[in-house]
1. Considering each of 151, 116, 102 in turn, give the residue that is surrounded by 17 or more Cβ atoms within 10 Å (Cβ to Cβ) and either of a type in the set (Lys, Arg) or more than 18 Å from residue 270 (Cβ to Cβ) (or both).
2. I want to confirm something. Restricting to region 1-15 and keeping residues that are within 23 Å of the chain's Cα centre (by Cα) and not β-branched (Val, Ile, Thr), which single residue is surrounded by the fewest Cβ atoms within 10 Å (Cβ to Cβ)?
3. In the list 245, 251, which residue meets the criterion of being under 17 Å from the mean Cα position of the chain (by Cα), surrounded by fewer than 16 Cβ atoms within 10 Å (Cβ to Cβ) and part of a helix (DSSP H, G or I)?
4. I'd like to verify a number: residues in region 18-49 that are closer than 18 Å to residue 254 by Cα and more than 16 Å from the chain's Cα centre (by Cα), how many?
5. Do the conditions hold for residue 29, that is, is it touching an Asp or Glu at 6+ places or on another chain (Cβ under 9 Å) and either among the basic types (Lys, Arg) or not assigned by TED's automatic domain parsing to the domain that holds residue 108 (or both)?
6. Residues being modelled with pLDDT of 85 or more, assigned to a loop (DSSP other than H, G, I, E, B), among the hydrophobic types (A, V, I, L, M, F, W, C) and surrounded by fewer than 16 Cβ atoms within 10 Å (Cβ to Cβ): count how many of those fall in region 43-95.
7. Within region 163-180, which residues are of a type outside the set (Lys, Arg), crowded, with 18+ Cβ neighbours inside 10 Å and part of a strand (DSSP E or B)?
8. If a residue must be among the polar types (S, T, N, Q), within 13 Å of residue 272 (Cα to Cα) and in a loop (DSSP other than H, G, I, E, B), how many such residues does region 96-138 contain?
Amino acid sequence: MKVKDAMSSPVYVIAPEEGISRARNFMLKHGVSRLVVVDGETPVGIITKSDLMWKLNQAEPAWRRRPTDRVPVKVIMSENLVTTYLEASLEDVSELMLENNISGIPVVDDGLVGIITKSNLVHHLSTVRLDIKVEDIMSDFVVMVHRHHSISHVIAEMGRNAVHRVIVMEDGNTPVGIITSSNLAFAELKDDKGELPEKNIKMTRKESPAGRKKFRDVEVVHLVAEDVMSSPLITIGRDALVTDAAKIVAAHKIDGIPVIDDGEMIGIITKTDIIKLISGGLR
């Protein structure tokens, strides 16, 4: 199969002088994770939900002031635009994504004619039955945060570990949700008065090193992991087929699925894990 058979078209675009808030609203309206930035008819960059996430976390004080109306798209867009063409193979475009650590590539042919993304590739693979199990390609490296960790902590963990998702844990190491760059870029972060919502949370501690846990009230906090996570958590077993994992990812429009074995989380399978199969020669 070639790029022209799997790409999305038309492509949603935005001008470099448009504000970041407009880009965010445009992504939300059309249910997309990236916009191609065009100067006239010429593609000059791309802006993604991850770009929005990193920018929003730079607001000072954290997550209070978000002057995104005054920040143009060109400030945070990726300028080194990687493109492909209609007749390119899915194997070639998968390799381009992996080599450049990107998740979408504009397709050009006398101008911008489409875009091909990891989601397109996963959807393709969901139609191909492969006798490959989830445990054969999953990653056993999973970044976890507590449900009461701050949003800034969540983003810092993503950056430190170079991941686009974290699993949210409850006391007792029980996974209860997932946070992706989409959750963070598209979350409604203010109440109807334009302020950050406030809440009291309870944390556990022991009366002594060997004592029983007890709850204690803590100070009022703003925006913690449980406020933006996706829940309930969609999971998959280690013995499931990769084809089934691809179908779940495509159907639910998610980035990754935690892998569970005997009630324990043992890994995660992501879009990147899945498209590596295509880059390896599966078509």
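The values are calculated or read from the model by the stated rules, or taken from the named source; none is laboratory data. Just so it is clear, the structure is predicted and the values come from calculations on it, not from any experiment. Heads up, the Cβs are rebuilt from the backbone with ideal geometry, glycines too, and the neighbour counts pull from every protein chain shown.
1. Details: 116 fails: either of a type in the set (Lys, Arg) or more than 18 Å from residue 270 (Cβ to Cβ) (or both); 102 fails: either of a type in the set (Lys, Arg) or more than 18 Å from residue 270 (Cβ to Cβ) (or both).
Being surrounded by 17 or more Cβ atoms within 10 Å (Cβ to Cβ) and either of a type in the set (Lys, Arg) or more than 18 Å from residue 270 (Cβ to Cβ) (or both) holds for just one of 151, 116, 102, which is 151.
2. If we take residues in region 1-15 being within 23 Å of the chain's Cα centre (by Cα) and not β-branched (Val, Ile, Thr), then 10 is surrounded by the fewest Cβ atoms within 10 Å (Cβ to Cβ).
3. Numbers: 245 fails: surrounded by fewer than 16 Cβ atoms within 10 Å (Cβ to Cβ).
The conditions single out 251.
4. 2
5. Numbers: touching an Asp or Glu at 6+ places or on another chain (Cβ under 9 Å): no; either among the basic types (Lys, Arg) or not assigned by TED's automatic domain parsing to the domain that holds residue 108 (or both): yes.
Judged against the criteria, residue 29 is not a match.
6. Qualifying residue count, region 43-95: 2.
7. Quick first cut of region 163-180, residues of a type outside the set (Lys, Arg) only: 163-164, 166-180.
From the residues that got through so far, the ones that are crowded, with 18+ Cβ neighbours inside 10 Å too are 163-164, 166-169, 175, 177-180.
Result: 166, 167, 168, 169, 175, 177, 178, 179, 180.
8. Initial filter on region 96-138 (among the polar types (S, T, N, Q)): 100-101, 103, 117, 119-120, 126-127.
Checking which are within 13 Å of residue 272 (Cα to Cα) leaves us with 100-101, 103, 117, 119-120.
The next check asks that each one be in a loop (DSSP other than H, G, I, E, B); those that pass are 101, 103.
Residues in region 96-138 being among the polar types (S, T, N, Q), within 13 Å of residue 272 (Cα to Cα) and in a loop (DSSP other than H, G, I, E, B): 2 in total.
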